[in-house]
Each structure stands twice: as structure tokens, then as C-alpha cells.
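Heads up: the structure comes next, in C-alpha cells.
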Amino acid sequence: MIVELKHPLVSHHLAALRDKATPPHIFREQVRRLSLLLAYEATAKLPLRPVDIETPMEKMECMQLACRLGLVPILRAGLGMSGAVHDLIPQAEVWHLGFYRDEATHQPVEYYQKFSSSPPPIAFVLDPMLATGGSACEGVAMVKEWGVQTISLLCIIAAPEGMAKVQATHPDVDIFTCAVDEHLNENAYIVPGLGDAGDRIFNTL
Ligand code: PRP
Ligand code: URA
């Protein structure tokens with residue numbers, strides 16, 4: 001399933017995110033805001049369990065999240081998303097994967113993986129940009145190999161090429177995105193996109 005968020009706040013915050021005049025500190029804030037909106041949508045079907053609560057007035061049955069959750073940001077740019085999603089789900093576990101794209105081949109190169117021996121049943125892979133889909137497909141494959149049963153991919157901007165690759169390779173993975181852009185250019189950058197998300201987050205342009 002692909003979910004493209006259609007919401008005035010998403011459109012509004014995407015405008016500043018895409019603007020090349022937006023400085024890194026505002027860019028980071030926009031990534032956080034859009035990550036919260038993505039996470040709100042992507043967590044809509046999380047399982048709940050009843051808990052007994054006592055309000056100042058009386059006892060009642062409430063609902064709480066029923067199972068462990070993992071957030072898996074793909075370094076570096078995914079780090080821009082994980083703090084916001086973690087604020088929303090403070091009990092989530094955060095596990096990191098590191099990939100960079102080879103500039104010539106555009107293939108992902110893995111440089112970091114940190115998983116425990118006990119995977120959570122549900123995980124959200126976080127990466128603002130889904131371009132060729134190489135990094136996302138590799139990341140999702142590693143999360144599956146770890147043993148996670150239900151995986152969603154949260155990206156702020158997706159290219160049709162990347163979505164098609166993820167859907168073909170991992171048809172069981174839901175993709176949540178704020179925007180589906182037009183195409184990739186000859187350097188495998190998303191057009192119109194926003195440029196290099198990692199560099200804009202970390203001020204390393
Ligand atoms: C970017 C982005 C994704 C990847 C997307 O990372 O954050 O991880 O490229 O491209 P793909 O879909 O073609 O794989 P980058 O390699 O620039 O590393 P960074 O996050 O460290 O800047
Ligand atoms: N990575 C980015 O940061 N931007 C793109 O457009 C493609 C890959």
C-alpha cells in the first residue's frame with residue numbers, strides 16, 4: 001500500500017522544505033514537522049490493549065499500545081526524522097542502519113548496523129528521500145532478516161522509480177510519503193525534490 005498524505009499542513013511545510021533558500025535550522029524543523037504528520041498516519045493501525053486507569057473521578061478502561069515498536073532511521077538523513085517520531089512514541093526502540101549512495105553507481109553502501117538479538121514485531125524505517133529505492137530496499141531487507149514481521153517505510157519525498165522498486169521487492173511493506181515527485185535526474189536525484197536531504201539537515205553542503 002502506498003499512502004501519499006494529502007493535507008494542507010503537509011503542503012504548507014513541504015513548500016519551505018523544498019525552498020533552496022531555507023537554511024539548515026529551518027530545514028530541520030520542517031523535517032521534524034513532516035515526520036510527525038507521517039508518523040500520525042503510519043501508526044493509525046497500531047494494536048492496542050486495554051488497561052485499567054483511575055481518573056480523579058472514577059476507574060475506567062483505557063487503551064495503550066500493545067507491543068514493542070522499532071524506529072529504524074537510515075543514516076544520515078533518517079536521523080532528522082527519528083527524534084520527532086520518538087517524541088511521539090517515547091517507548092519506541094531506535095535502531096540504526098547506515099548507508100551512503102555510491103556517487104558513480106548510485107548503489108547503497110552499508111556502513112553501520114545495530115540490531116539486538118530480539119526484534120520488535122513492528123518497525124518503521126525512516127528516510128526522508130526515496131530516490132532509486134536502493135537504500136530503502138536494502139534497509140527493509142535487513143530489518144526483515146532481523147525478524148521484524150510488520151514494516152512500514154516513512155519518507156518525506158518519493159520518486160516513482162523508488163516506490164516501484166520497493167513495491168516490487170517488498171510488496172508487504174507499506175510506504176507513507178508526503179509527496180510523490182516527478183522523476184529522477186541523471187544523478188539519481190529526485191526532481192523537483194529538495195536537493196540532498198542529509199547535507200541540508202547537517203549543514204554539509
Ligand atoms: C540519501 C537518502 C537516502 C538515499 C536515497 O542518502 O537519505 O538514504 O540517499 O537514495 P536511493 O533511494 O537512491 O537509495 P545519502 O546516500 O545521500 O546519504 P546521507 O543520508 O548520509 O546524506
Ligand atoms: N538523496 C537525497 O538526499 N536527495 C535526492 O534527491 C536523492 C537521494
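Scan segment 150-205 for residues that are away from ligand 1 (no atom under 11 Å from the Cβ) and of a type in the set (D, E, K, R) and the total you get is 5.
Scanning segment 111-135 for residues that are small (Gly, Ala, Ser) and more than 6 Å from ligand 1 (Cβ to nearest atom) returns Ser116, Ser117, Ser118, Ala123. Exactly one residue out of Ala141, Ala168, Ala164 is within 22 Å of Glu93 (Cβ to Cβ), surrounded by fewer than 19 Cβ atoms within 10 Å (Cβ to Cβ), out of contact with any strand residue (DSSP E or B) (no Cβ under 9 Å at 6 or more places or on another chain) and aliphatic (A, V, I, L, M), and it is Ala141.
Set side by side, the residues Gly83, Gly98 differ, and just one is within 27 Å of Ile26 (Cβ to Cβ) and part of a strand (DSSP E or B), which is Gly98.
Listed by first and then second residue, the pairs linking a residue in segment 128-145 that is closer than 10 Å to Ala188 by Cβ and at pLDDT below 95 to a residue that is within 14 Å of ligand 2 (Cβ to nearest atom) and in a helix (DSSP H, G or I), with Cβ atoms under 6 Å apart and 6 or more places separating them unless they lie on different chains, form an empty list.
Highlighted here are the strands (runs of 3 or more DSSP E) found entirely within segment 105-205 that include at least 2 residues which are under 28 Å from Ala66 (Cα atoms) and more than 9 Å from ligand 2 (Cβ to nearest atom): 122-126, 150-158, 174-180.
All conditions but one from (1) among the polar types (S, T, N, Q); (2) surrounded by 11 or more Cβ atoms within 10 Å (Cβ to Cβ); (3) farther than 22 Å from Thr177 by Cα apply to Thr55; the one that does not is (2). Mind checking whether some residue in segment 95-110 is more than 10 Å from ligand 1 (Cβ to nearest atom) and under 25 Å from Tyr40 (Cβ atoms)? Yes, the conditions are met somewhere in segment 95-110. Scan segment 1-26 for residues that are in contact (Cβ under 8 Å) with a residue 40 or more places away in the chain, farther than 30 Å from His170 by Cα and either in a helix (DSSP H, G or I) or under 19 Å from the mean Cα position of the chain (by Cα) (or both) and the total you get is 1.
The values are calculated or read from the model by the stated rules, or taken from the named source; none is laboratory data. Predicted, not measured: the structure shown is a model, and the values here were computed from it. When we count neighbours, we look across all protein chains shown, and the Cβ atoms used for this are built from the backbone with ideal geometry, even at glycine.
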